[in-house]
2 protein chains.
Amino acid sequence: MVESPTPKKELEDLQEDLHKVQELLRRHRLVESLVHNQDPPRQDRAESPGYKQNETALRDKLERMHPADIAYVLEALRLDERIILWDLVKAERDGEILLEVSDAVRETLIESMDPAELVAAAEQLDTDELADLVPDLPQGVIQDVFQSLPLEEREQLRAAMSYPEDAVGALMDFEFVTVREDVTLATVTRYLRRFDELPDHTDQIFVVDREEILKGVLPLARLIVGDLDDTVAGVMVTDTITLYADDNAQQAAQAFERYGLVSAAVVDEPGKLVGRLTVDRVVDYIRSKSESELLTANGLKEEEDIFSSVWASVRNRWSWLAINLITAFMASRVISNFEGSIVKLVALAALMPIVAGIGGNSGNQTITMIVRAFALGQIQIEQAKELFAKELGVALANGLIWGGILGLLAWGLYSSIALGMVMMLAITLNLLLAAIMGVLIPVVLLHFGRDPALGSSVMITACTDSGGVFIFLGLATLILI
Amino acid sequence: MVESPTPKKELEDLQEDLHKVQELLRRHRLVESLVHNQDPPRQDRAESPGYKQNETALRDKLERMHPADIAYVLEALRLDERIILWDLVKAERDGEILLEVSDAVRETLIESMDPAELVAAAEQLDTDELADLVPDLPQGVIQDVFQSLPLEEREQLRAAMSYPEDAVGALMDFEFVTVREDVTLATVTRYLRRFDELPDHTDQIFVVDREEILKGVLPLARLIVGDLDDTVAGVMVTDTITLYADDNAQQAAQAFERYGLVSAAVVDEPGKLVGRLTVDRVVDYIRSKSESELLTANGLKEEEDIFSSVWASVRNRWSWLAINLITAFMASRVISNFEGSIVKLVALAALMPIVAGIGGNSGNQTITMIVRAFALGQIQIEQAKELFAKELGVALANGLIWGGILGLLAWGLYSSIALGMVMMLAITLNLLLAAIMGVLIPVVLLHFGRDPALGSSVMITACTDSGGVFIFLGLATLILI
């Protein structure tokens with residue numbers, strides 16, 4: 001056991017593997033290009049000793065690696081090296097590895113495969129895994145894959161693919177063990193002993209009747225400690241969490257987290273068992289959800305392959321820049337309406353970005369708090385009034401504190417007490433605006449059934465940028481000019 | 001089973017529970033205040049029928065709820081209602097519930113309890129759970145808790161508390177089943193049947209020798225399908241992931257995710273089994289990690305109780321506002337150096353926020369990509385050169401496209417082709433600055449062993465704000481004035 005991997009060693013090991021693979025690839029390509037330049041017939045090239053030797057070393061290395069680790073190495077390789085390595089991976093592992101890599105890298109791998117290879121890779125997968133891969137396959141290949149499946153699996157695949165990405169149905173699998181409630185634990189034990197192995201993440205088996213209606217679950221832990229003469233009905237658990245295939249995956253993930261589940265049954269409307277959701281899929285879902293939130297918050301449409309082309313990156317990032325330019329342009333038009341005031345008192349130009357900036361920061365804090373509380377179901381729209389009161393209070397306090405400090409600074413720098421007062425008043429008013437919009441935007445988005453996590457940040461920044469310079473320059477014009 | 005909860009129904013149920021509880025609380029307080037105003041002796045008050053009836057209804061309701069669900073209700077209640085409800089929760093459930101609520105709410109609950117209640121609550125918990133709760137308890141209570149523990153548990157608690165929050169040791173538990181490798185599966189089965197129940201999340205039992213050195217693991221699924229005459233040594237798995245107590249929890253979480261683990265053994269340096277990490281703790285860790293990243297990204301120090309006081313919120317949010325004001329103030333000082341140019345060409349004041357804004361957005365995109373790739377271990381510091389090249393390419397492309405569009409707009413609005421050229425050039429240069437700093441900041445932070453996810457965003461915004469206005473106003477002064 002001393003030699004078994006630990007995560008720390010494991011990451012180092014992985015990076016060592018990566019360097020080894022890169023080294024081998026480099027030598028491999030050197031040999032290949034030498035051989036290639038002399039342009040010998042193809043079979044000679046493959047038989048050249050250096051070529052063969054490196055290829056064998058690489059294949060050996062790959063054979064001993066877990067599919068998730070090969071996926072890691074593929075992600076970290078430049079495109080050309082990635083494709084060479086991919087060709088060396090044993091064909092029967094292609095499917096598993098394609099499931100593990102990110103979307104951007106999966107695309108590059110699929111592009112390098114011909115239809116027959118893709119069909120072969122797909123055939124190694126379970127139906128629920130196939131449902132994740134199929135949408136990325138070329139149209140012609142999808143049809144071949146469907147035709148290669150037995151009827152039952154074809155129906156399962158069609159069902160799994162019919163659910164939106166965020167539904168439990170898209171995450172569930174079809175591998176589970178069922179028993180009847182009138183048999184004894186001894187019978188169940190004998191029955192299970194006939195299996196070569198149980199499906200992964202089997203912490204409980206499902207109890208169904210003749211119509212496959214779910215009657216309860218039998219945790220393996222209960223089976224193991226239970227009396228062999230007891231019936232399943234006497235030992236099974238009936239008040240357990242069950243999911244519907246069209247339940248929202250986010251809510252299912254919350255249930256897994258809240259109750260510490262390892263697996264849960266998925267049933268249809270009459271209560272028939274149709275699938276199973278396991279914690280590993282839930283963990284993947286939580287991770288990918290939080291990653292996509294991070295990317296979206298910074299206007300990145302999807303995960304970027306770090307070695308992707310400049311052009312692919314420009315396309316991935318353009319929409320956020322465009323939206324932000326539009327809001328900046330709006331603020332710019334507001335400023336240009338006060339050009340007269342700025343010429344008379346040029347200090348305004350230097351001070352206005354401060355007023356706009358603090359409003360944006362404060363508004364984003366409010367939105368973060370509120371979107372989170374809504375997402376956790378801790379507040380309802382009806383509580384908006386209480387939230388308004390609190391956020392206005394926070395804004396007022398912050399406005400007086402920070403506005404006061406900056407007002408003093410402005411007074412000191414420009415020797416104008418009136419300018420200092422305008423500064424303080426403008427910051428306070430912009431923070432109040434930020435608080436109002438910070439509550440209002442998510443509440444309105446929710447009211448119209450939209451996800452308040454998307455777009456709230458851009459909207460609040462637009463409000464506080466344009467609003468902030470308008471308030472500041474407007475007040476200054478009224479009071480100072 | 002038709003009546004069993006599903007997540008969707010469950011959330012609705014929870015919200016119904018919440019409303020029911022609030023309704024009961026309101027009536028409860030109404031009765032109490034009526035009784036209270038007449039100021040009868042205390043026992044009369046408690047015996048008044050309306051009071052008693054509501055209290056019973058509430059207690060019944062609470063008794064049937066899962067601790068995690070009671071925690072949810074407590075989070076969603078105003079402080080006064082929360083305390084009333086908390087007093088009604090059965091004392092023997094206090095400990096579990098305290099573990100489930102957020103830090104901010106936990107603080108309010110602990111404040112309302114006297115030392116004896118806190119010690120009693122702590123005594124209900126396992127050592128690993130206690131390690132989470134103890135840091136929030138008053139000093140005197142901690143000593144009482146320690147003294148109430150048996151020696152072995154006291155040592156476990158001390159050990160668990162000695163690990164930093166982000167270490168595997170802080171997340172592991174001490175409940176696991178061990179067997180010797182030379183016994184048969186039949187013996188193991190008989191041994192396990194003597195348990196009333198197995199510890200939660202037992203998907204495997206650990207195989208140790210006399211010195212408690214870990215030799216392998218025996219998955220329950222293998223035990224169940226295995227031949228009863230086989231020995232444990234013949235069936236156990238030896239190439240499994242093991243953790244050290246001081247391993248980083250983030251890396252352990254990645255291992256759980258990568259290999260779909262339900263539990264893993266935690267060993268010390270000589271290989272002795274000291275604890276166990278389970279997937280439910282890992283899921284909690286992943287969730288709390290991604291939440292704290294979201295909060296940190298918006299400058300919120302901690303989760304805010306939505307009903308906390310204005311003053312608590314101001315304190316939670318102040319540091320981010322302060323830092324951002326400092327960077328905005330720096331940009332303001334840069335602008336004030338160009339007041340002469342602005343007075344001569346006031347359009348500069350209106351256009352400069354656009355240049356600064358697009359730099360900040362673009363820089364944050366670069367940082368998000370790069371911090372993520374480093375965190376996943378996909379790139380090393382040595383690859384910085386390749387990243388620079390790519391990000392500079394993206395910045396140049398974006399600069400020419402968006403700079404071009406805004407240059408045309410500026411030309412159109414202010415009828416000055418030179419101003420349009422300055423605009424385009426300044427946007428391009430600021431995007432290049434953003435790309436350079438967007439790669440450099442995380443690389444430098446990493447080089448000095450700091451977490452690049454913290455503070456990168458503030459730094460890049462400071463660079464692009466001050467840099468952007470400096471580039472734009474400087475170019476304008478050179479070319480136009």
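The values are calculated or read from the model by the stated rules, or taken from the named source; none is laboratory data. Every value quoted in this text rests on a predicted model; they were computed, and no experiment measured them. No Cβ is skipped: glycine too gets one built from the backbone with ideal geometry, and neighbour counts run over all protein chains shown.
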Inset, instruction - Output yes when any residue across the range A:285-294 is crowded, with 18+ Cβ neighbours inside 10 Å, in contact (Cβ under 8 Å) with a residue 60 or more places away in the chain, part of a helix (DSSP H, G or I) and within 11 Å of the chain's Cα centre (by Cα), and no when none is. - result: yes
Inset, instruction - Return the total of residues in the range A:313-342 being surrounded by fewer than 19 Cβ atoms within 10 Å (Cβ to Cβ) and in a loop (DSSP other than H, G, I, E, B). - result: 1
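Would you say B:L445 is in the same structural domain as B:L348 (by TED's automatic domain parsing) and touching a Pro at 6+ places or on another chain (Cβ under 9 Å)? Walk me through it before giving the result.
On the way: in the same structural domain as B:L348 (by TED's automatic domain parsing): yes; touching a Pro at 6+ places or on another chain (Cβ under 9 Å): yes.
Yes, satisfied.
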Inset, instruction - Determine which member of the set A:R210, A:R180, A:R106 is at negative phi, away from chain B (no Cβ under 11 Å) and in contact with a strand residue (DSSP E or B) (Cβ under 8 Å, 6 or more places away or on another chain). - result: A:R180
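Could you list, in sequence order, all residues of the range A:239-254 that are assigned to a helix (DSSP H, G or I) and facing chain B (nearest Cβ under 8 Å)? Write out each step before concluding.
Step one: list which residues in the range A:239-254 are assigned to a helix (DSSP H, G or I), which gives A:249-254.
Those that are assigned to a helix (DSSP H, G or I) and facing chain B (nearest Cβ under 8 Å): A:Q251, A:A252, A:Q254.
Right, B:A350: touching a residue at least 40 places away in the same chain (Cβ under 8 Å), of a type in the set (A, V, I, L, M, F, W, C) and not in a loop (DSSP other than H, G, I, E, B) or not?
On the way: touching a residue at least 40 places away in the same chain (Cβ under 8 Å): no; of a type in the set (A, V, I, L, M, F, W, C): yes; not in a loop (DSSP other than H, G, I, E, B): yes.
It is false that B:A350 is touching a residue at least 40 places away in the same chain (Cβ under 8 Å), of a type in the set (A, V, I, L, M, F, W, C) and not in a loop (DSSP other than H, G, I, E, B).
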Inset, instruction - Name the residue, out of A:I241, A:I213, that is assigned by TED's automatic domain parsing to the domain that holds A:L273, under 12 Å from A:T178 (Cα atoms) and touching a Pro at 6+ places or on another chain (Cβ under 8 Å). - result: A:I213
Legend entry - The one condition in (1) within 30 Å of B:D203 (Cβ to Cβ); (2) without any contact (Cβ under 8 Å) to a residue 40 or more places away in the chain; (3) of a type in the set (S, T, N, Q) that B:T278 fails to fulfil: (2)
Legend entry - Residues located in the range B:255-275, provided they are touching a Gly at 6+ places or on another chain (Cβ under 9 Å) and at the interface with chain A (Cβ under 9 Å from one of its Cβ atoms): B:A265, B:V267
Inset, instruction - Look at the range A:220-238 and say how many of its residues are at the interface with chain B (Cβ under 9 Å from one of its Cβ atoms) and in a helix (DSSP H, G or I). - result: 6
Inset, instruction - Exactly one condition in (1) within 27 Å of B:L295 (Cα to Cα); (2) within 24 Å of the chain's Cα centre (by Cα); (3) of a type in the set (D, E) is not met by B:D80; state its number. - result: (2)
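Inspect the range A:153-175 for any residue being more than 18 Å from A:D128 (Cβ to Cβ) and either more than 10 Å from chain B (Cβ to nearest Cβ) or among the aliphatic types (A, V, I, L, M) (or both) and give the result as yes or no. If you could, list the steps in order and put the result at the bottom.
Applying the first criterion (more than 18 Å from A:D128 (Cβ to Cβ)) to the range A:153-175 yields none.
Checked against the condition, which is being more than 18 Å from A:D128 (Cβ to Cβ) and either more than 10 Å from chain B (Cβ to nearest Cβ) or among the aliphatic types (A, V, I, L, M) (or both), the range A:153-175 yields no hits at all.
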Inset, instruction - Scan the range A:78-100 and give yes if some residue there is within 11 Å of another protein chain (Cβ to nearest Cβ) and aliphatic (A, V, I, L, M), otherwise no. - result: no
Inset, instruction - Just one of (1) more than 10 Å from chain A (Cβ to nearest Cβ); (2) in contact with a Phe, Trp or Tyr (Cβ under 6 Å, 6 or more places away or on another chain) trips up B:M352, so point out which. - result: (1)
Inset, instruction - Would you check if A:R222 is surrounded by 18 or more Cβ atoms within 10 Å (Cβ to Cβ), over 33 Å from the mean Cα position of the chain (by Cα) and of a type in the set (D, E, K, R)? - result: yes
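Mind telling me which of the residues B:T238, B:T242 ends up being of a type outside the set (F, W, Y), in contact with a Gly (Cβ under 9 Å, 6 or more places away or on another chain) and surrounded by fewer than 15 Cβ atoms within 10 Å (Cβ to Cβ)?
Criteria check complete, one pass: B:T238.
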Inset, instruction - Report yes if A:E304 is among the acidic types (D, E), surrounded by fewer than 17 Cβ atoms within 10 Å (Cβ to Cβ) and not assigned by TED's automatic domain parsing to the domain that holds A:T464, otherwise no. - result: no
Legend entry - Pick from the range A:377-387, criterion within 12 Å of B:I306 (Cβ to Cβ) and touching a residue at least 12 places away in the same chain (Cβ under 8 Å), ranking: farthest from the other protein chains (Cβ to nearest Cβ): A:A384
Legend entry - Qualifying residues in the range B:362-376 (those that are among the hydrophobic types (A, V, I, L, M, F, W, C) and within 9 Å of chain A (Cβ to nearest Cβ)) - the one farthest from B:A435 (Cα to Cα): B:L376
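Any chance the range B:318-331 includes a residue that's touching a Pro at 6+ places or on another chain (Cβ under 8 Å) and either in contact (Cβ under 8 Å) with a residue 40 or more places away in the chain or within 8 Å of another protein chain (Cβ to nearest Cβ) (or both)?
Applying the first criterion (touching a Pro at 6+ places or on another chain (Cβ under 8 Å)) to the range B:318-331 yields B:328, B:331.
Filter again for either in contact (Cβ under 8 Å) with a residue 40 or more places away in the chain or within 8 Å of another protein chain (Cβ to nearest Cβ) (or both), leaving B:328, B:331.
The answer is yes, given that some residue of the range B:318-331 is touching a Pro at 6+ places or on another chain (Cβ under 8 Å) and either in contact (Cβ under 8 Å) with a residue 40 or more places away in the chain or within 8 Å of another protein chain (Cβ to nearest Cβ) (or both).
Could you identify the single residue in A:V217, A:V207 that is surrounded by 15 or more Cβ atoms within 10 Å (Cβ to Cβ), outside any loop (DSSP other than H, G, I, E, B), of a type in the set (V, I, T) and in contact with an Asp or Glu (Cβ under 8 Å, 6 or more places away or on another chain)? Before you say what the answer is, go through the steps one by one.
On the way: A:V217 fails: in contact with an Asp or Glu (Cβ under 8 Å, 6 or more places away or on another chain).
Just one listed residue meets the conditions, A:V207.
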Legend entry - For B:S290: the one exception among (1) more than 7 Å from every other protein chain (Cβ to nearest Cβ); (2) closer than 30 Å to A:Y72 by Cβ: (1)
Legend entry - Filter result for A:P164 (surrounded by 15 or more Cβ atoms within 10 Å (Cβ to Cβ) and out of contact with any strand residue (DSSP E or B) (no Cβ under 7 Å at 6 or more places or on another chain)): no
Inset, instruction - Only residues in the range B:135-162 that are within 21 Å of B:E117 (Cβ to Cβ) count as the first member; pair them with residues that are polar (S, T, N, Q) and modelled with pLDDT under 90, Cβ under 6 angstrom, at least 6 apart or cross-chain, and list the lot. - result: B:E153/B:T127; B:L157/B:T127
